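Only one structure is covered here, and it is reproduced in the block below.
The values are calculated or read from the model by the stated rules, or taken from the named source; none is laboratory data. Owing to the predicted nature of the structure, the values given are computational and were not obtained by experimental measurement. All Cβ positions, glycine included, derive from the backbone under ideal geometry; neighbour counts span all protein chains shown.
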Amino acid sequence: MDNLKDKNVLITGGAGFIGSHLVDRLLPFCKKITVLDNFDIYYDPKLKQQNIKKHLTAENYSLVQGDIRSNEYLETIFRQTKYDIVIHLAALAGVRPSLKNPTDYLSVNVLGTQRLIDKIIKYANQAKLIFASSSSVYGETDSTSFSETDNVNSPISPYGASKITGELLCHTAFKNHNLNSIALRFFTVYGPRQRPDLAINKFCQCILKNQPILMYGDGSSIRDYTYIDDIVDGIIAAINYDKTKFEIINLGGGHPLSLRDMISTIETVLNKSAIVIKYDKQIGDMDKTISNIDKAKLLLGWEPKTTFKDGLTNFVDWLENDLNLDLVTRV
């Protein structure tokens, strides 16, 4: 990490789940970290404020509260500091909400990404861009595991479509402006500070409060859960990668679990049984996400280290000890 000591880093969405963990790791090493976050009311902004509480006292940390789509905020940020690294995590997230409000998802995730790229090209054309993509780009596929060479022309949610478009915008900027960028496709990230709308967080809270959990489908859907520390390791490996100037790389946990097995593991860790209410599978939900991480191993020297049970235990410890459960607003 010594190579970051003279680097200025911009992290969009840096007050969120992944972003705040990344700041934890980078802050002691970087010359300056600027976070741009709009504290969207998609979930209680107090959770993000709690995420960054300890960051605010650091001399090399700067917080800008604003919208990624705002030229005014972006102009101010890029005029004040010449950034060496831009990590673009800001997005409207979630498959199901994107089905109800696709226009906003495309506005934030596509227009916002393009405006950020425009400013990098204008003010920091030597900077490296790390773009947070998603396993949602793969849609429904017959592949036994998802590889970066798979066709991604058939997403099944506006969220997935917006992330594919973001990758294409990065590639276009690489082709036309030689922008150095890596798109990282994250697979179902979990761990302390996870968003309250995501299944692991919701399920754990409901079980702890003796409330029923809602299971959509028959429990056979599969997710490749990836622990937050492993994701941060992957982002740092992407920052350090310098062999090529554009890549798309999967970051996945490597041990996919069915929904039934995920619930069973939660019950084991909590030592408490779930009350399960079954519903029909929801539109937009993928049957499976299974990552092929050969490229990450080859190019980044990265592979996940955390088992699902260990990661879940860490999450539950945080939920029970560090978080005021009454604060959480479920979406």
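Can you say whether Ile77 is touching a residue at least 40 places away in the same chain (Cβ under 8 Å) and surrounded by 16 or more Cβ atoms within 10 Å (Cβ to Cβ), as far as the supplied structure shows? Yes; evaluated as a whole, the condition is true for this residue. Among the residues of this structure, Ile156 counts as one that is more than 16 Å from His88 (Cβ to Cβ), among the β-branched types (Val, Ile, Thr) and in contact (Cβ under 8 Å) with a residue 24 or more places away in the chain. State all residues of the range 145-168 that are touching a helix residue (DSSP H, G or I) at 6+ places or on another chain (Cβ under 6 Å) and of a type outside the set (D, E, K, R); if no residue qualifies, say none. Hits for the range 145-168 are Phe146, Val152, Pro155, Ser157, Pro158, Tyr159, Gly160, Ser162, Ile164, Thr165, Gly166.
Can you name the residue in the range 149-190 that is in a strand (DSSP E or B) and of a type in the set (S, T, N, Q) and, of all such residues, is farthest from Leu106 (Cα to Cα)? Looking at the filtered set, the residue picked out is Asn180. Taking the range 191-295 and the strands (runs of 3 or more DSSP E) fully enclosed by it, the elements with 2 or more residues that are buried (at least 19 other Cβ atoms within 10 Å of the Cβ) are at 246-251. With respect to the stated conditions, Ile68 fails to be under 14 Å from Ala127 (Cβ atoms), β-branched (Val, Ile, Thr) and surrounded by 17 or more Cβ atoms within 10 Å (Cβ to Cβ).
For the range 122-131, the count of residues that are touching a residue at least 60 places away in the same chain (Cβ under 8 Å) and under 20 Å from Thr289 (Cα atoms) is zero.
Failed condition for Asp118, given (1) modelled with pLDDT of 95 or more; (2) part of a helix (DSSP H, G or I); (3) within 22 Å of Ser134 (Cβ to Cβ), with all others met? Of everything listed in (1) modelled with pLDDT of 95 or more; (2) part of a helix (DSSP H, G or I); (3) within 22 Å of Ser134 (Cβ to Cβ), Asp118 misses just condition (3).
Screening the candidates Arg69, Arg96 for the property of being basic (Lys, Arg), closer than 22 Å to Tyr138 by Cα and in contact (Cβ under 8 Å) with a residue 40 or more places away in the chain yields one hit, Arg96.
Could you tell me whether the range 45-55 includes any residue that is touching a strand residue (DSSP E or B) at 6+ places or on another chain (Cβ under 6 Å), crowded, with 18+ Cβ neighbours inside 10 Å and within 29 Å of Asp104 (Cα to Cα)? No, the conditions are met nowhere in the range 45-55.
Hey, among Thr165, Thr188, which residue is in contact (Cβ under 8 Å) with a residue 60 or more places away in the chain and among the polar types (S, T, N, Q)? Spell out how you get there, then give the answer.
On the way: Thr165 fails: in contact (Cβ under 8 Å) with a residue 60 or more places away in the chain.
After ruling out the rest, the residue left standing is Thr188.
One residue stands out among those in the range 296-313 that are assigned to a loop (DSSP other than H, G, I, E, B) and of a type in the set (Val, Ile, Thr): the one that is surrounded by the fewest Cβ atoms within 10 Å (Cβ to Cβ), which is Thr307. Just one of the listed residues (Ile11, Ile33, Ile52, Ile18) is among the aliphatic types (A, V, I, L, M), in contact (Cβ under 8 Å) with a residue 24 or more places away in the chain and in contact with a Gly (Cβ under 6 Å, 6 or more places away or on another chain), and it is Ile11.
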